[in-house]
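All of the numbers you see were taken from the coordinates with simple rules; none came from a lab. This is a predicted model, so every value here is computed, not measured. We place every Cβ from the backbone using ideal geometry, glycine too, and count neighbours over all the protein chains shown.
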Amino acid sequence: MPAKNVGIATLSLLLAMASLVSATIGDDQSPAEIDLPDLDLLYIRAMDGDADAQFELAIRYYKGDGFPKNDEASTWWMERAAEKGLSEAQLLLGIAYETGVGVEADPSTAFTWYLKAAESGLPIAQVQLGTAYASGTGVTVDLEQATYWFERAAEQGDETARQKLLAIQLTGVAGPFETNEAVEQIVQAAEGGDADSQHLLGAMYDDGLHLPQNYFKAVKWYRKAAKQGHALAQSDLGAMYCAGLGVQPNPGMAVKWYRKAAEQGVAVAQSRLGEAYQFGHGVSQNDKKAVHWYRLAAEQGNVSSQCNLGSMYVSGRGVEQDLIVGLMWFKIAERAGVPEAQWNATSLSVEMSQDQVVRAEALARDWRAVHPGDRR
């Protein structure tokens, strides 16, 4: 069945994933320069059930790297890795089933794999899942679920998710639209004191979505909503003070608003407050408080904090040094596709005994079992 167009962002992800695997092989190695014994070993590892080897083999078949290009073989091996719980493989398998690459297109099966990858915390999988819910692709339309998953991805900084959220809030659909009526209604509600509308209007000015980008107006509306206790507006206002957008940079004010949002449970604000304490930005440097806020955000599935918390455990900053727990957090963040966590996990693993690595991986599995969807 011919493949359909799934958009530049998704295809870019596919190529980025493939490039990441190629980078681990070596930028200076062409397929012809890879020793046959190495490919044989890779194949043997894959046959023995090594998920990473299965994933690499799938990418190689997809790219024709060391093996003849074969979409069917690529998808078959991708499914083996996905069944082992590898989130990147689950995402790419979902794309294969949605587009009909190497397998007959099946939106329902694509949805199933997007869900598994999204529950592991992978932001782009959360966007794919939210889009499926919003469009009814492989599942019944459910804007509440679409909003939930777009929010999870937006909390990790995914701009596509943020814009899809705004579209849903404005029109009740996740796609583009051309109307001034919805914008006018948001403006009227914001001027009438509705905090949600004030935050939404601030975000529209911040992103330049359906209104000319204007950071000063974004700050104005974020502040109005923040003063009413709107947690996301407080977090966004803190970010504006931190970056100096629409207002003079003021780390102290950034911390003030991050703290208010963090105390209401906003993971991204907890993460940024942890960074403020770790580096002494706008507040006295305090590793223990940094660990405290990183932990709260990490337990909610914030991958940046999971990586930072792992580093604190490895270095013994703000907490007793524990390489096993540090590796556990790197492994958790690694599954969400964080390059820094992948590098840290690999580098740390070679310095630890096999028993320590096994214990760390077991702790990471236990954590995922308790946090299947990183839901708040």
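Overview of values
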{"quantity": "Gained length - residue 361 relative to residue 84, 0.36 nm times residue gap less alpha-carbon distance", "calculated": "98.3 nm"}
{"quantity": "Cleavage-rule hits (GluC sites (Glu not before Pro)) in region 176-235: DSSP loop, at most 13 neighbouring Cβ within 10 angstrom", "calculated": "178"}
{"quantity": "Normalised convex hull volume, the chain, alpha-carbon set, Å³ per residue", "calculated": "147 Å³"}
{"quantity": "Angle in degrees between helix 267-279 and the longest Cα principal axis of the chain, rounded to the nearest 10", "calculated": "90 degrees"}
{"quantity": "Order of 328, 78 under a 10 Å beta carbon neighbour criterion, fewest first", "calculated": "328, 78"}
{"quantity": "Relative packing of peptides 200-212, 80-92, 288-300 - highest average C-beta neighbours within 10 Å first", "calculated": "80-92, 288-300, 200-212"}
{"quantity": "For the chain: relative contact order, % (alpha-carbon pairs under 8 angstrom, 6 or more apart)", "calculated": "9 percent"}
{"quantity": "Cα-based helix-to-principal-axis angle, 303-315 vs the chain, degrees rounded to 10", "calculated": "70 degrees"}
{"quantity": "Tilt relative to the chain, helix 87-99 - C-alpha long axis, 0 to 90 degrees, to 10", "calculated": "90 degrees"}
{"quantity": "Region 228-376: C-alpha gyration tensor shape, a/c 1.5 cut-off, then a/b vs b/c", "calculated": "prolate"}
